[in-house]
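*Asks:* The structure is given below, and queries will be raised subsequently.
The values are calculated or read from the model by the stated rules, or taken from the named source; none is laboratory data. Keep in mind that this is a model prediction, so the values were computed, not measured. With ideal geometry, Cβ positions are generated from the backbone for all residues, glycine too; neighbour counts draw on all protein chains shown.
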Amino acid sequence: MLNGVSWHKQFNEELIKYNEQVLINKTQGAEILSLDNNQTTLLDKINDFSVLLNDTENALNLAKNNYDSLKKRCLLQGTYDYVEGHNLIEKAILNENFEEKEYKKVSGRMVPNHTQYFDLDPRIMINPKHDVILRDTAKLITEKYIRDINNRTSIVRGVMDFLLTEGYQYVGDQKNFDCVEFWEFPYEYIPLKMGDCEDSSVFCSNILWLLGVPNAVVTGTYSNAGGHAYVFFLDDSNVIKILETTAFDSETFIFDLTTDMKTNWYKARTCFTFMKTYQIKTGV
């Protein structure tokens with residue numbers, strides 16, 4: 001019988017490996033209509049996730065009920081249908097002194113209550129079409145919170161209204177998981193209703209792709225506050241705006257790239273989509 005740390009180490013390794021395979025499948029346009037035995041076994045393990053985190057036991061018990069639906073993920077047939085949107089956000093990013101870079105794994109997850117890091121390709125965090133929990137959440141947001149589904153800014157405001165109204169909170173990883181870094185997948189963040197800037201940004205990015213808003217997750221710094229993550233999204237004029245995903249309890253969470261990034265409030269280093277990673281050009 002594995003103890004909590006050993007079990008979670010094995011879980012993370014398999015979870016990351018599984019999501020990287022999803023990434024390979026979607027970039028190659030593979031058609032996957034069912035889960036194989038290894039994937040099903042992994043998804044079964046997700047159902048036992050609550051044994052690891054004492055502080056979030058109640059939330060994770062609730063999450064277990066949702067995780068059954070992951071077995072129906074079904075990794076929808078065909079290629080992503082976000083190619084046009086991806087081309088738009090890529091063009092805008094490259095026009096803002098970014099350049100495409102070969103992906104580099106980041107130390108994005110740790111074993112709770114421990115110091116073991118797991119390296120992951122950040123692109124695996126953006127898999128909106130492959131997660132029924134995300135799709136169900138997007139449907140709820142569309143029906144209840146978005147005033148104009150044909151307006152990208154209205155969609156963004158609806159997503160943030162959802163986070164505020166449904167009681168989501170900013171909670172740092174040290175308090176939430178008793179470790180330095182723990183990037184949550186959306187199917188963890190949604191039922192937990194808590195996380196830090198990476199978690200809310202990854203969640204918003206996934207939802208916005210589902211709702212037709214081209215975007216990218218950005219990592220960098222904010223003012224003198226240190227490391228930070230947020231989202232670039234394209235408005236209806238295909239102009240990049242900054243979405244401050246941790247400000248869902250504020251009246252202001254959409255910022256102008258020209259004034260707020262280029263005056264050093266927001267300083268980007270890298271960004272990523274479901275397909276590619278980018279970095280700011282050297283010397284910029």
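*Asks:* Scan the stretch 164-180 and give yes if some residue there is closer than 21 Å to TYR103 by Cβ, over 14 Å from the mean Cα position of the chain (by Cα) and acidic (Asp, Glu), otherwise no.
*Replies:* No, the conditions are met nowhere in the stretch 164-180.
*Asks:* How many residues are within 19 Å of the chain's Cα centre (by Cα), at pLDDT 80 or above and surrounded by fewer than 20 Cβ atoms within 10 Å (Cβ to Cβ) if we restrict to the stretch 99-123?
*Replies:* Selection size over the stretch 99-123: 1.
*Asks:* Does ASP161 satisfy being outside any loop (DSSP other than H, G, I, E, B) and more than 16 Å from the chain's Cα centre (by Cα)?
*Replies:* Yes, satisfied.
*Asks:* Which of the residues belonging to the stretch 173-210 are part of a loop (DSSP other than H, G, I, E, B), crowded, with 20+ Cβ neighbours inside 10 Å and at pLDDT 90 or above?
*Replies:* ASP196
*Asks:* Can you find even one residue in the stretch 129-149 that is part of a helix (DSSP H, G or I) and in contact with a strand residue (DSSP E or B) (Cβ under 8 Å, 6 or more places away or on another chain)?
*Replies:* no
*Asks:* Follow-up. Condition (residue is modelled with pLDDT of 90 or more, surrounded by 15 or more Cβ atoms within 10 Å (Cβ to Cβ), at negative phi and in contact with a helix residue (DSSP H, G or I) (Cβ under 7 Å, 6 or more places away or on another chain)) applied to the stretch 131-140: is it met by at least one residue?
*Replies:* The answer is yes, given that some residue of the stretch 131-140 is modelled with pLDDT of 90 or more, surrounded by 15 or more Cβ atoms within 10 Å (Cβ to Cβ), at negative phi and in contact with a helix residue (DSSP H, G or I) (Cβ under 7 Å, 6 or more places away or on another chain).
*Asks:* Under 8 Å by Cβ, and 6 or more places apart or on different chains, what pairs join a residue from the stretch 94-108 that is part of a strand (DSSP E or B) with one that is surrounded by 12 or more Cβ atoms within 10 Å (Cβ to Cβ) and small (Gly, Ala, Ser)?
*Replies:* PHE98/ALA268
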